[in-house]
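Inspection log for the structure reproduced underneath, given as structure tokens.
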Amino acid sequence: MYTLFDFLTHTKGMTYIVAGLLLVCFIPFWQFLTEREKHD
Amino acid sequence: MSHSTMTADSAAEGRGGLLTPFNLITGVILAGGAAILVLRFVKGLAATTNLTHTNPWGLWIGFDVMSGVALAAGGFVTSSAVYLFGMKEYKPVVRPAILTGFLGYFLVVLGLLADLGRPWRLPYPFIKQAGPTSPLFEVALCVAIYLTVLFIESTPAALEWLGLKWWRKVVGSMTIALTVLGLILSTMHQSTLGAMYMITPTKLHPLWYSAHIPVHFFVSAVAAGLAMVIVEGMISHRAFHHQVQITDEHFQRINIGLAKGAAVALATYFAVKVVGLAMEDEWHLLLTGWGGWYLVEMLGFVLLPCLLFAMAYRERRVLLARLAAVITVIGVMLNRFNVTFVVFNWDGAPGERYVPHWMEVWVTVAFITFAVVAFRVIANRMPIMYEHPDFKGMH
Amino acid sequence: MPRCTLLAVGLVASAAVAVGAAAATQAPVRPIPPSTTVMTIPEWVGELERPVVEFNHAAHTDALASDGCTTCHAMVEAGLVPGWAPLRDLLDRDAWMDRAHDGCMTCHESRTGPTGKRGPLVCGGCHVRREPGVSQRAEMAWDYSLHARHDQAFPEKCETCHHVFDEETQRLVYRKGAEDSCSACHLDRDEGKNLSLRNASHTACVGCHLRRAEGGETTGPSLCAGCHDAQAQAGHKRLEVVPRLQCGQPDRGWIGAEGTRAGMVAFNHLGHEPKVSFCSDCHHRGLQPCHECHTLAGAAEGDLVTLEESFHRAGSQLACVGCHAAQARAVECQGCHRSIPPAASQRSCVRCHLGPSRAVAAPDTLPSPPATETVLPPLPAASDDFPEEVVISVLAKEYEPAKLPHRKIVARLDAGVRGSPLAAAFHGTVERSCAGCHHRAPEGTVPIPCRSCHGEAAAAVTDQPGLQVAYHRQCIGCHQAMGLPQQGCTDCHAAKEVQS
Amino acid sequence: MTISRRGFIGGVVGGAVAAGTVDAATVEHFDGYPGRYGLLHDTTLCVGCRSCEVACKQVNDLPPYPGQPVGDMSVYESERRTTDTCLTVVNRYREAEGTTPAVYRKLQCMHCNEPCCAAVCPVRAFEKTPEGPVLYHADVCMGCRYCVMACPYYALAYEYDNPITPRVMRCTMCYPRIKEGLQPGCAEACPMGAITFGRRDELIRVARERIRKNPERYVDHVFGEHEFGGTSWLVLAGVEFSELDLHDGVTHESLPAIGTSYLSVVPLVITIYPGLLAGFHAFTKRKEQLAREEERAAVARALEKAGAETQQKLAQATEKAKKDQEKAVKQAVAKALADQAKGGE
């Protein structure tokens, strides 16, 4: 990799995908976390 | 169809059929706008705009996109307040605010379609080739998703109108998730709109350029959103008075509460701007010509409405809050115009200054008119200003 | 809502004031007239609260014309004391300020000028905040002509100005034959009784001029502008024939201080005299030999400038090399010297260092050096080797071949050399001028064609221009540097007729 | 007092970088493609003949100037910039005075080492090629013109009068010609050799050598070596670069590094907000629940109190009734006894 531009294209692209996935994963995690609240 | 909707419909359209003065004026504005847009796609941007190679962004970006997004911030601000922070008394303004937000973002897209060189390629960043280093890519991504979010958030009114109870329940169960998503997306793209200017330290006047410009944009958008909710309420409560269910006293209490929020938002905005001056040591610039213009913006359109809002809250004066809201809305628009084309290229730029072409102004006015008409049509039919009797207490 | 209205009005008004204050635009540097003194506040006074006073001396001399200079200045035996005497000996900040303010204010209160106008009585009247300015004051232009006019006015009365300080009697005395320049003793600042050059010259010159004027005799100027205004200087009477100022200097001689190894320099003092305005142009601190201050290793009294540097500093007008290089910047020399710096080669050392080394011979054992005036032979007539015109046709594409008036060009360069004894002496030969264009050819040989080095395209690595570029740079560069108008394309080669 | 924008940039940008979050970009350094090409414009040699402008039009098949442009000096009366049909223009920044020649500079895309246009393009229509030129690909461009707006050298132009297929127009450093082993059109055409084409690092060496040989002729600086991360076009000058409308004394940090620094905050928002807002939500819910519990307790207390009072009253009433009864019984007994006694008499 020779230019900052190439580096940023690579890293920022990955970051978007990773962050988006993590956001989606938060929903099942939240549900898993609070699942048993209702039984109380 | 409920009883109240029927009254609303008949009240709005029963008088004098289609040939009301309102309809005539809007018709002329919309037809003119359509004609100009046709010209734009036949003769090119050169025929309808005053854009130059040096000033490639003009009114369509400065108003439709930059101001439009900021003024549509009321949607996420009110829905977050009600659904995430439990301020239930503001619920009556959430639906109109979300509808305003949706229409605002729709305007942004319309403006972009007019302004882009090849508008049919608008989805290219997502389907053809992404440019993740671009702040504009981030804005596009957020706006696209947020527009969808706003659409879903405004469907309950339509579903209630259509009586689709099951669907209404499904959407209702998503409220919290949608509100969180809306807040995330808004924080991101409201600030990134400002970040778009971080690459132009040589072109944007240093009083407006700042390493904190994303924060400036976000905080001012919160203030603009709150002010816009007050302004929109002021107009719609007069226009749809017969639909409104809440008492005048409740509505005034909401306005006063919004004024408090707006006062704090504007004070915060003023503070971060002043901190920006200190951080980049720009005090001496205040004594230049552009510094005077900056002071007009900061004192006349930030500090003044902030103090007016504060007074309105202390003394419970709704009219004063409305005056402050109007000043705030104008002030945020002024800021976006400044950044986009007034103090942009302030020094050393080749060629002449950009002044919007009358056709650009017309198209912008036509877009606003379109949004107003859409709001009217929707509010006349769907439960926007009131709670649907069959769905009372749901969210 | 009266409170809100007030608030709004206040805010908008303050914004408007800010806009107004900001309307200031960039002005060109403000000129301060020669007759205005920017007060020099002694350093020990420290930081000032108000802007420094620009003292309009001319306004005061006008207003006090009838009262005379002694209203403010003390007249002593040596002349008129510059500056306001009461401030002289104070060293206390408050006392200094009080006395200065009292002095000015008392006078402003009690006197009116001829027009009945008073001087300012409020702080801001004198302490005016201004854009930084640049004084238009010209340095006093003392020259051979002025010296000769004073000499003629006071024949054989050198003691009027020239004196030395006798340590034994602690008095100023005149010593015949030991006259030195003022700057030999009077330095940049007052040291005890020894005044700075500035104070000494103002005391003596202005004092003498005033006394003579009082006695009704013709005399020189006594107001600022008389000496320090460029226009007034231009109006000074100049002798048509300035007699040579004799100070025991040789016409020619060998320069070579003890300890130097380089060959001694044959120096034509007589030839240099008409080229400078006064002795002090070179002898900038008295008439003693250079090496007394500028020692071989450098010494404090010579500002650490070594002897070698004192002659060779390229940027200094006081050094031989610096002054000669400045001569080469004359327009008529720039044709060649824009690209060939003077004294560029090793050979140029011996142009000056003609004699044997001081280590071998003392200057006084050598015969006087030869006269260095060089008489150049006339420019040869046109021949095959020295063509009248050269036609350059190798590259003609869009334009007709260029016709180069070869002999005319050489004559132009040669005329500049002949017009200057310095250039003639240093060039030595007529052929030296050829090198301005034929820059790689050994002197005296028939030059090789340009294209033998300059190829069609430029060579980026060696930064050697291509043939076309070489021609254009040579011709246009020279025309630019010598201020010749012919710089357009068709001035050299006509445009080809477009064939339809 | 007029303030030139150049003066600020150092400070402003310093702040921007400091404010941006720590990014790999701030610690890693990228030197660019090795051996890439560049051009050197020596403004001290330029005579403003505009041969480069003409050559550029020919090479790029752009509509020619009307009339004979070479030698027409009247265009220099106003400042020009590149347009969609003129990809390079020469401007005069100082008029000739006596023997001091006029000062000209050629304007075109500078082919930045780290191009702004590429960094801001949402569809990555720009590409920094290993050869040096920055190329534009019209086939993905949607025409947002952010590139035109962001370019610090005002080098990009847009085809505003093309309604259907407008393109961004800018110097390509004659990429096709370079690929063929030719020089860019302007460099080949320059009669003064003011434009030199070559490998960028070689050109920097050449430029430094020229300055060393002619210290009086040049300002001791090669513009484009470091400014905003450096450019492929380099400029030498005999006057201050600010006079040539070039950014004087600016940071060596590239504008894309500054302009995209904020984007590293974006993933933070995405990842932190859900948790943060869940916290807020929980806080609100807890407040509501506490309020509810308190209400319930209050009701219970009120009920309890009311119950106790009733009991007491009941007890009192019972007792009273008992007493009354007893009293009545006693009275009745007494009365009966009295009656009996009366009757017995």
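Here are some notes:
- Residues being closer than 13 Å to residue B:57 by Cα and assigned to a helix (DSSP H, G or I) - total across the range B:313-356: 7
- Residues in the range B:123-165 that are of a type in the set (S, T, N, Q) and assigned to a helix (DSSP H, G or I): B:148, B:154, B:155.
- Of the residues screened, residue B:205 is not one that is modelled with pLDDT of 90 or more and either out of contact with any Lys or Arg (no Cβ under 9 Å at 6 or more places or on another chain) or surrounded by fewer than 22 Cβ atoms within 10 Å (Cβ to Cβ) (or both).
- Helices (runs of 4 or more DSSP H) (entirely within the range C:314-426) containing at least 3 residues that are among the small types (Gly, Ala, Ser) and outside the structural domain of residue C:473 (by TED's automatic domain parsing): C:320-327
- Where helices (runs of 4 or more DSSP H) fall entirely within the range B:9-114, those with at least 2 residues that are farther than 27 Å from residue D:152 by Cα and among the charged types (D, E, K, R) are at B:21-43.
- Residue D:182 vs. criteria more than 14 Å from chain B (Cβ to nearest Cβ) and without any contact (Cβ under 8 Å) to a residue 12 or more places away in the chain: yes
- Residue B:285 vs. criteria on the phi < 0 side of the Ramachandran plot and either at pLDDT 95 or above or outside any helix (DSSP H, G or I) (or both): no
- Of all residues in the range D:58-73, those that are in contact (Cβ under 8 Å) with a residue 60 or more places away in the chain have Cβ atoms under 8 Å from Cβ atoms of residues that are surrounded by 12 or more Cβ atoms within 10 Å (Cβ to Cβ) and part of a helix (DSSP H, G or I), 6 or more apart or on another chain, in D:58/D:185; D:59/D:177; D:59/D:185; D:60/D:185.
- Within the range C:433-470, the set of residues being touching a helix residue (DSSP H, G or I) at 6+ places or on another chain (Cβ under 8 Å), more than 14 Å from chain D (Cβ to nearest Cβ) and assigned to a helix (DSSP H, G or I) comprises C:433, C:434, C:435, C:436, C:451.
- Any hit, the range D:265-274, residues being outside any helix (DSSP H, G or I) and under 30 Å from residue D:112 (Cα atoms): yes
- Search result, residues across the range D:38-97 that are charged (D, E, K, R), part of a strand (DSSP E or B) and at pLDDT 90 or above: D:42, D:92, D:94
- Test: residue in the range D:157-171 that is under 17 Å from residue D:232 (Cα atoms) and either in a loop (DSSP other than H, G, I, E, B) or within 14 Å of chain B (Cβ to nearest Cβ) (or both): yes
- Tabulated pairs, the range B:33-57, first more than 8 Å from chain D (Cβ to nearest Cβ), second outside any helix (DSSP H, G or I) and β-branched (Val, Ile, Thr), C-beta under 9 angstrom, 6+ apart or interchain: B:50/B:355
- If you go through the range C:474-490 and pick out every residue that is within 7 Å of chain D (Cβ to nearest Cβ), under 17 Å from residue C:413 (Cβ atoms) and free of Cβ contacts under 8 Å to residues at least 40 places away in the same chain, you end up with 2.
- Residue count for the range B:244-271, restricted to those that are of a type in the set (A, V, I, L, M) and surrounded by fewer than 16 Cβ atoms within 10 Å (Cβ to Cβ): 1
- Scope the range B:130-171; condition acidic (Asp, Glu) and under 13 Å from residue D:123 (Cα atoms); matching residues: B:138
- Qualifying residue in the range B:225-245 (condition: touching a Cys at 6+ places or on another chain (Cβ under 9 Å), within 24 Å of residue B:97 (Cβ to Cβ), assigned to a helix (DSSP H, G or I) and not charged (D, E, K, R)): no
- Residue list for the range C:256-288, restricted to those being among the hydrophobic types (A, V, I, L, M, F, W, C), closer than 14 Å to residue C:361 by Cβ and in a loop (DSSP other than H, G, I, E, B): C:257, C:262, C:264
- Filter result for residue B:341 (of a type outside the set (Asp, Glu), out of contact with any strand residue (DSSP E or B) (no Cβ under 8 Å at 6 or more places or on another chain), more than 7 Å from every other protein chain (Cβ to nearest Cβ) and under 28 Å from residue B:233 (Cβ atoms)): no
The values are calculated or read from the model by the stated rules, or taken from the named source; none is laboratory data. None of the values given here were measured: they were computed from a predicted structure. Neighbour counts run over all protein chains shown; Cβ positions are idealised from the backbone, glycine included.
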